[in-house]
Amino acid sequence: MATHFPIIVIIGPTASGKTALAIELARKYDGEIVCADSRTLYTGMDIGTAKPSMEEREGIPHYGLDLALPSERYTAADFKQYAERKIEEIRAKSKQPIIVGGTGLYVDSLIFDYQFPRPMTAMERERFENMTREDLIKYCVENNINLPEDDKNKRRLLRSISASGATDQRKSRPNDDTIIVGIATSRQKLESRIAVRTEHMFDNGVVEEATLLGKKYGWNAEAMTSNVYRAVKQHLDGELSLQDAMDKFTTRDIQLAKRQMTWFRRNPYIEWCQVTEANDYVGRRLATEYNL
């Protein structure tokens, strides 16, 4: 492994401009990108997850996309194993590895080298099932487990605990050779970007995409019960007008951004920059510490 290539990690809330920055850095430093996003990993969920199109990728190899069917279970442990393998492959080609994403658990599993536990036993599952919703939320917060979008749903809380796995086996500091940059943006600007992106999704066929996915995998498939697809289902069922579905999804993504920032703020090793400053910061680090 060519260990002189550090791992550049670009994180931030949804719609903050992470992907564009990662592509810009990849062009500048001959890099390849691993996406750390629990939504874009699903095949066929292109519009509704704001997955970068082939045109947007600008010929830069992207990994971590289209890894599983919407009906399949995919965990943070699965992602860590996959991403570590891809980082080795990228370094072996003398390319610069770049991690980009907004799923905090996925990113932290890499940079803090999480050691995930064995699958939950039947006895452990029964113990969690007997806990109250409030106790489950507390357990998730205390054990670095991402809360589901609908944390009022006990079933989804149990699924998050089962899928993610809590572990105290992690490094206290990030791995060596890691540059971690967070994209800082004002709340007003971020909410505006989220609203514009919602309009773009609905203008570009997210209702049709959701309809096809719902017919193929079922609306109760794990990946179909969150994100924009849930709002589209309510629209198709006549519960929401199209505009109300758009507004509801915008609100949910704003709430998602808040949860993401709550997670990221616990990491003191992130260098927060405006997106216009992040490129220069990474360049200085690469030049002074790695002669790149």
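Please treat every number below as a calculation from the coordinates, not as lab data. Only a predicted model underlies this, so the values are computations on that prediction, with no experimental measurement involved. Every residue, glycine as well, gets a Cβ built from its backbone with ideal geometry; the counts of neighbours run over all protein chains shown.
Observations on the model:
- Across the chain, C-alpha contacts under 8 Å between residues 6 or more apart give a mean separation that, scaled by the residue count, equals a relative contact order of 27 percent.
- Point-to-point label distance, Arg73-Ser192, nm (Cα→Cβ direction, 7 Å offset): 4.4
- Modelled this way, with points 7 Å down the Cα-to-C-beta line, the labels at Lys93 and Met123 are 4.8 nm from one another.
- Among the listed values (i) 30, 24, 18; (ii) 44, 29, 16; (iii) 34, 28, 12, the one computed from these coordinates for semi-axes √(5λ) of the Cα gyration tensor in Å is (i).
- Listed by chain and number, the lysines whose C-alpha is less than 17 Å from the C-alpha of Lys95, apart from same-chain residues fewer than 8 away, are Lys28, Lys86.
- Across the range 1-148, the mean sequence separation of Cα contacts (distance under 8 Å, 6 or more residues apart), normalised by length, yields a relative contact order of 32 percent.
- The alpha-carbon of Lys93 sits under 17 angstrom from the alpha-carbons of these aspartates and glutamates, leaving out residues fewer than 8 places away in its chain: Asp30, Glu32, Glu84.
- Residue among Pro268, Pro148, Pro13 with the largest mean-square fluctuation in a Gaussian network model of the chain, springs linking Cα atoms under 10 Å: Pro268
- Separation in nanometres of the label points that stand 7 Å from Cα toward Cβ, at Glu199 and Arg85: 4.3
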